Amino acid sequence: MKELLSKLNEQQKEAVLYFESPLLILAGAGSGKTRVITYKIAYMVKELSFPPERILAITFTNKAAREMRERIETLLGKEVPVAVSTFHSFCVKLLRAHAGRIGYSPNFVILDTEDKRRLIKEVLKELNLDPEQYSPSAISSVISNVKNGMFSLESAEVYYEKLKPVYDLYNRKLKELNAFDFDDLLVYGRELLLQKDLKDYYSRFFQYVLIDEYQDTNRIQYEIAKSLTEDRGNICVVGDEDQCIYTWRGANIDNILSFERDFKNAKVIKLEKNYRCSKTILEAANAVIENNRLRKGKRLYTDNPNGHPIGLFRAETDLEEAIFVAKTVKKLINRGLKPSDIAVFYRTNALSRVFEDALRREGIPYQIVGGVKFYERKEVKDILAYLRLVVSDSDVISLFRILNTPKRGLGSAVEEKLRKIVERERNWNRALLELKEQLRMEKQRRAVEELRTTLLTLKEKLGELPPYDFVKFITVSTGYKEFIKKEFPDDCEQRLENVEELGNTLQEFSERSSLKGEELYLEFISTLTLSSDQDELEESDRVTLMTVHASKGLEFPVVFVTGLEEGTFPHVKSSETSSEIEEERRLFYVAITRAKKQLFLSYSKRRRLFGSYRPMKPSRFVSEIPSHLIREVERRSEREGRLNGSSPKPAEEPVRDKAPKIVFHKKFGKGVVKRVEGSGESAKVTAFFANYGEKTIIMKFLKVLG
């Protein structure tokens, strides 16, 4: 262990060895905080003989938890049962163990975003509320904010007069379905830890609690941490107030700013040595963040070289900005950089399209983080719905998803009958039996019985087949494989590959887990529901496109931060108060500190908004960077003008490749084109169809209307 400790700087070593009172480690960007946490855990196990299962380490994403566990095992040279999890997955384990105390059974289901929205639609229909006025997406966000304590139900009723009946009925239906939404996991987890015997048990059981990204904790997460540690002060939190960028979803910066007040005799250790960024990038980051008032105060330094000056490109339009990014990326790759070394950041997902187009035209491979995730693809969700039914008799939400998938001739009238049945009968087997008795058409009766028999067969096969084979069995025995081939002829192979990949993922999960049968699948489904954008980040040689929020915790040799205009970044909706501007500045700070060696900033003088070009002003954050750190990148027209001995010509608007804007498909109807990959009849066209959503279709199956 002495050899390991010798690899730490003095502040890191002090943080690893300190156990006398509650500890706050203020860890600046790139200062090695994950190293400190993992070394501290390894030190506890190896030198202080802590039982590993009685150490609880909490972080914010499955990816971070997985990496932390792997690092600990590498340090100790063996697998150890340290409880490394997210807050949500920790609460899932609590709830599985003690669900009966709050009126649930242990095989509860967790609703994902789409399930939640569908249930809200059901509630609105039952209460005869107009979905135009009561948007399911908006109501979903409001319910989430209320549960996280961001505002009260009463205050939200200013905007939605009948919100309380919606909220009450929604929660009642969740209980009837033996289901939790994402926010309930924390709410009910905290409720369990408020029960004295459980609080006493778990605060004694966990001898030490470590919490990463503490600046992102909300009120409920703070209370969970407090319940587990307030009696003994056995807590170490790691965070950076300068990287608190999630207050809009409940993160409370006061949790880290007030740590010494909340935890008696707390010690603070600052990690200020940065190992990631060049001196130039770090000096820029320090200069920007010093404009914020809400911070504890630290100044990062580094032994890294000065590196390249920060490139600044002032584009005439957003299209020219995208072309600059794509051309520069191509040059960097031609000079030997790997595409995976490069990331392009933007403030909101809506800005990604022009960069996708430009990279595609240059033939540069890319991936988008935070777009349509693998587990949100229709075919994956359909197979998961069958899986959820097999492991949970009460998951009637999944029953409605697969009732007519594949098509069984069970239309809306049959669905309505079933809806009335499940209001009193929450077991899908008994519900389908009753539905069969109520139906008069023999064809429909037979279809319902076949579905019921299929589900019961799947239940029997659950423990008999390896996970990959079980997914394959679901796909074939339900008729889903033929359904995909018939319904989606243009991309059926890709969809079936996605289903195969689900089988692969399940197989890998089972090989890493000691669980078997129903418990294994329950755990897998829980893990999926708790996944984040970064869990979708693939390790492949492609340029990464992502929002700045999604980039948190990542690093790249080269980073482009784009769309740096007032109203875009800082965002127009986050510019009304000083605290909102401070959060936007923290977000910019996070963006630039992801870059290790080279940083490019860009903005557009004109950006297309609401169909036409609008004049834009450069972001205030650009002017907060000392000018000696910046080198402006000339526009091509200016450079060419100088070389020809003439004055620069005004920029012409970049010419876009001619591409269809409106298309027609014989099944989906008229669609608005979002992007085109390739050319000619074999080009892949992604278009939005009003009644079917986004579809990707081969050009030869489409008619171009405009």
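The values are calculated or read from the model by the stated rules, or taken from the named source; none is laboratory data. Only a predicted model underlies this, so the values are computations on that prediction, with no experimental measurement involved. Here Cβ is always computed from backbone atoms with ideal geometry, including for glycine, and neighbour counts include all displayed protein chains. In case anyone asks, the SASA skips ligands and DNA or RNA and just uses the protein heavy atoms, side chains included. Shrake-Rupley method; radii C 1.70, N 1.55, O 1.52, S 1.80 Å.
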- Task: Any residue in the stretch 1-15 that's within 21 Å of L26 (Cβ to Cβ): show its pairings with residues that are part of a loop (DSSP other than H, G, I, E, B) at Cβ separation under 7 Å, as long as the two are six or more apart or on different chains.
- Result: Q12/G32
- Pairs returned, first residue in the stretch 259-283 that is touching a residue at least 40 places away in the same chain (Cβ under 8 Å) and within 14 Å of K33 (Cα to Cα), second residue that is in a strand (DSSP E or B) and among the basic types (K, R), beta-carbon separation under 9 angstrom, 6 or more apart or interchain, are R276/K596
- Query: Can you name the helices (runs of 4 or more DSSP H) wholly within the stretch 516-606 that have at least 2 residues being more than 30 Å from R66 (Cβ to Cβ) and not polar (S, T, N, Q)?
  - Reply: 578-592
- Expected output for the stretch 486-511 (first residue farther than 19 Å from T527 by Cβ, partner of a type in the set (S, T, N, Q) and open to solvent by 30 Å² or more (accessible area, probe 1.4 Å), Cβ below 9 Å, 6+ apart or cross-chain) is F488/Q494; D490/T696; D491/T696; Q494/T696
- Going through the stretch 402-416 in order, the residues found to be surrounded by 16 or more Cβ atoms within 10 Å (Cβ to Cβ) and without any contact (Cβ under 8 Å) to a residue 60 or more places away in the chain are L403, N404, R408, L410, V414
- Give the residues of the stretch 415-442 that are assigned to a helix (DSSP H, G or I), of a type outside the set (F, W, Y) and within 26 Å of F473 (Cβ to Cβ), sorted by residue number. L418, N429, R430, A431, L432, L433, L435, K436
- Having 2 or more residues that are under 23 Å from the mean Cα position of the chain (by Cα) and touching a residue at least 12 places away in the same chain (Cβ under 8 Å) is the bar; report the helices (runs of 4 or more DSSP H) wholly within the stretch 145-252 that clear it. 182-193, 219-229
- Message: With open to solvent by less than 20 Å² (accessible area, probe 1.4 Å), in contact with a helix residue (DSSP H, G or I) (Cβ under 6 Å, 6 or more places away or on another chain) and of a type in the set (D, E, K, R) as the only criterion, which of E584, E580 stands out?
- Response: E584
- Query: With respect to V633, is the statement that it is surrounded by 13 or more Cβ atoms within 10 Å (Cβ to Cβ), over 32 Å from the mean Cα position of the chain (by Cα) and modelled with pLDDT of 85 or more true?
  - Reply: yes
- For the stretch 123-140, name all the residues that are buried (at least 17 other Cβ atoms within 10 Å of the Cβ) and farther than 17 Å from Y159 by Cα. V123
- Identify, from the list L705, L643, the residue that is at pLDDT 75 or above, on the phi < 0 side of the Ramachandran plot and open to solvent by 80 Å² or more (accessible area, probe 1.4 Å). L705
- Query: Among the residues of the stretch 544-574, which ones are modelled with pLDDT of 95 or more and of a type in the set (G, A, S)?
  - Reply: G563
